[in-house]
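Trainee: Below: one structure in structure tokens.
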Ligand SMILES: *Cc1c(COP(=O)(O)O)cnc(C)c1O
């Protein structure tokens, strides 16, 4: 996939110049490629053609209504982690019957709302939660569809803050207790056991942890099918993407080199499909980052170059409040200038934001294009866990978002104003 590339000396998203978008809508600005989102969804869907499968896009990766609409049109379901995300899916015209509800801390209000709307399944993460869902469903005189999230105790080999499948993580129920809990669930009058779920972590860069987890859990899933008549096995999300590449100067064509990555979709499918296809269960997947990550960039303008005694800082107008991945879990984003000719001159520098935190940087001591005040640069691969993690820290408005589709660009969220920022305060 090759949706961000230089043409006529300027970085483009599909057929639209990012310089034009920065001039029209200002910076910081998120820009997404509809084509990339469709391409990634379709690739995954086709690679799994040998399985009875259903994709439930993880809404928390990028939850803009326009993005959700694209996925709905492709036939995607949605994996949600809050009542607010369910509200978003419904606003985008999504069908609640395609929604799975994950997360360790669902509230009474959220459970009620999801039951009223008729979601497909609650993915339950503790015994206490199982009993609580039963109680709330009982009050409403309905039956709640549930699956139990199993923690297979597999090392996902990813950053410790995004690893979820080890027994020391807060997620899921230890493998050895799962069968007993299904017994409990079967005896709860207001629960209907519908499936089993796992999600071992995010940004996995090799297929082995997926294989290990599936090999552990598949026999249990088969047993639960026989004993409890479950209909699905969700293998979660977590497929990693390329963030860093040994870039030739100015070469952003590495999207198209996904095929050289250690974890490609074909590799994933080749290992996963044969291990699941004879289970006789519907296989659910919950990809977030894979769908949206490389489909977006954050455009930011350089404000100043500051020559410190120890290093050079390029101060830009985006901060950790707009894109927190580097500060939160050492996330890497390539930084490329919108003007291609700037790639010819290099400098080693830190790129930092305006926020009053030492952790507010996008890179340190990196060999970069020597861009200067007024130049626009793109923080690549910012389509997932970018805007959705943004905050108003330092009383900075939420950035605007633009969706590109072919030669069309559409503002899908306008920049927040200072008035909107303080409006809810009493
Ligand atoms: C966050 C999350 C996902 C999506 O993870 P990605 O790494 O973005 O694919 C899937 N399932 C659950 C339960 C999650 O919490």
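Trainee: Kindly establish whether residue 68 is within 16 Å of the ligand (Cβ to nearest atom) and not assigned by TED's automatic domain parsing to the domain that holds residue 302.
Mentor: So residue 68 fits the description; yes.
Trainee: Would you pick out the residues in the stretch 9-63 that are closer than 30 Å to residue 284 by Cβ, touching a helix residue (DSSP H, G or I) at 6+ places or on another chain (Cβ under 7 Å), away from the ligand (no atom under 15 Å from the Cβ) and assigned to a loop (DSSP other than H, G, I, E, B)?
Mentor: Listed by number, the residues that qualify are 50, 51.
Trainee: Still on this structure: Can you find even one residue in the stretch 302-319 that is in contact with a helix residue (DSSP H, G or I) (Cβ under 9 Å, 6 or more places away or on another chain) and either in contact (Cβ under 8 Å) with a residue 60 or more places away in the chain or not assigned by TED's automatic domain parsing to the domain that holds residue 162 (or both)?
Mentor: There is no residue in the stretch 302-319 that is in contact with a helix residue (DSSP H, G or I) (Cβ under 9 Å, 6 or more places away or on another chain) and either in contact (Cβ under 8 Å) with a residue 60 or more places away in the chain or not assigned by TED's automatic domain parsing to the domain that holds residue 162 (or both).
Trainee: Which one of these is under 28 Å from residue 68 (Cα atoms) and surrounded by 18 or more Cβ atoms within 10 Å (Cβ to Cβ): 400, 369?
Mentor: Residue meeting the stated conditions: 400.
Trainee: Just wondering, is there one or more residues in the stretch 311-321 that are outside any strand (DSSP E or B) and within 25 Å of residue 6 (Cβ to Cβ)?
Mentor: yes
Trainee: Within the stretch 316-339, is there a residue that is exposed (fewer than 13 other Cβ atoms within 10 Å of the Cβ) and farther than 23 Å from residue 244 by Cβ?
Mentor: no
Conditions tested, residue by residue: (1) closer than 16 Å to residue 282 by Cα; (2) at pLDDT 95 or above.
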{"residue": "164", "(1), (2)": "no, no"}
{"residue": "191", "(1), (2)": "no, yes"}
{"residue": "208", "(1), (2)": "no, no"}
{"residue": "212", "(1), (2)": "no, yes"}
{"residue": "220", "(1), (2)": "yes, yes"}
{"residue": "223", "(1), (2)": "yes, yes"}
{"residue": "229", "(1), (2)": "yes, yes"}
{"residue": "233", "(1), (2)": "yes, yes"}
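Trainee: Within the stretch 273-304, how many residues are within 16 Å of the ligand (Cβ to nearest atom) and more than 24 Å from residue 383 (Cβ to Cβ)?
Mentor: Count: 1.
Trainee: If a residue has to be surrounded by fewer than 24 Cβ atoms within 10 Å (Cβ to Cβ) and under 28 Å from residue 20 (Cβ atoms) to count, how many in the stretch 298-312 make the cut? Let's see the steps before the verdict.
Mentor: The first filter runs over the stretch 298-312 and keeps only residues surrounded by fewer than 24 Cβ atoms within 10 Å (Cβ to Cβ), leaving 301-312.
Next, from what is left, pick out any that are under 28 Å from residue 20 (Cβ atoms): 301-305.
Going through the stretch 298-312 one residue at a time, the tally reaches 5.
Trainee: Among the listed residues 90, 44, identify the single one that is assigned by TED's automatic domain parsing to the domain that holds residue 138 and within 23 Å of residue 381 (Cα to Cα).
Mentor: 44
Trainee: Which condition number in (1) in a loop (DSSP other than H, G, I, E, B); (2) out of contact with any helix residue (DSSP H, G or I) (no Cβ under 8 Å at 6 or more places or on another chain); (3) closer than 23 Å to residue 77 by Cβ is the one that residue 195 fails?
Mentor: So residue 195 meets the others, but not (1).
Trainee: Hey, another quick one. Can you list the strands (runs of 3 or more DSSP E) found entirely within the stretch 337-409 that contain at least 3 residues being under 25 Å from the mean Cα position of the chain (by Cα)? Please lay out each step first, then the result.
Mentor: Numbers: elements: 346-352, 361-369, 376-379, 400-405.
Output list reads 361-369, 376-379, 400-405.
Trainee: Quick one: what pairs do we get from the stretch 394-407, first residue over 30 Å from residue 357 (Cβ atoms), second assigned to a loop (DSSP other than H, G, I, E, B) and modelled with pLDDT of 95 or more, C-beta under 6 Å, 6+ apart or different chains?
Mentor: 404/14; 406/14; 406/15; 407/15
Trainee: Could you check the stretch 200-220 and list, in sequence order, the residues that are away from the ligand (no atom under 16 Å from the Cβ) and touching a helix residue (DSSP H, G or I) at 6+ places or on another chain (Cβ under 9 Å)?
Mentor: Correct list: 208, 211, 215, 216, 218, 220.
Trainee: In addition: In this structure, does residue 386 turn out to be modelled with pLDDT under 95 and crowded, with 19+ Cβ neighbours inside 10 Å?
Mentor: Taking the combined requirement at face value, the residue does not satisfy it.
Trainee: Mind counting the residues in the stretch 221-242 that are assigned to a loop (DSSP other than H, G, I, E, B), touching a helix residue (DSSP H, G or I) at 6+ places or on another chain (Cβ under 8 Å) and within 16 Å of the ligand (Cβ to nearest atom)?
Mentor: Within the stretch 221-242, residues that are assigned to a loop (DSSP other than H, G, I, E, B), touching a helix residue (DSSP H, G or I) at 6+ places or on another chain (Cβ under 8 Å) and within 16 Å of the ligand (Cβ to nearest atom) number 6.
Trainee: Hey, residue 68 hits all of (1) outside any helix (DSSP H, G or I); (2) surrounded by 18 or more Cβ atoms within 10 Å (Cβ to Cβ) but one; which does it fall short on?
Mentor: Every condition holds for residue 68 apart from (1).
The values are calculated or read from the model by the stated rules, or taken from the named source; none is laboratory data. None of these values were measured; they are calculated from a predicted model. FYI the Cβ positions are ideal-geometry reconstructions off the backbone, even for glycines, and counts take in every protein chain you see.
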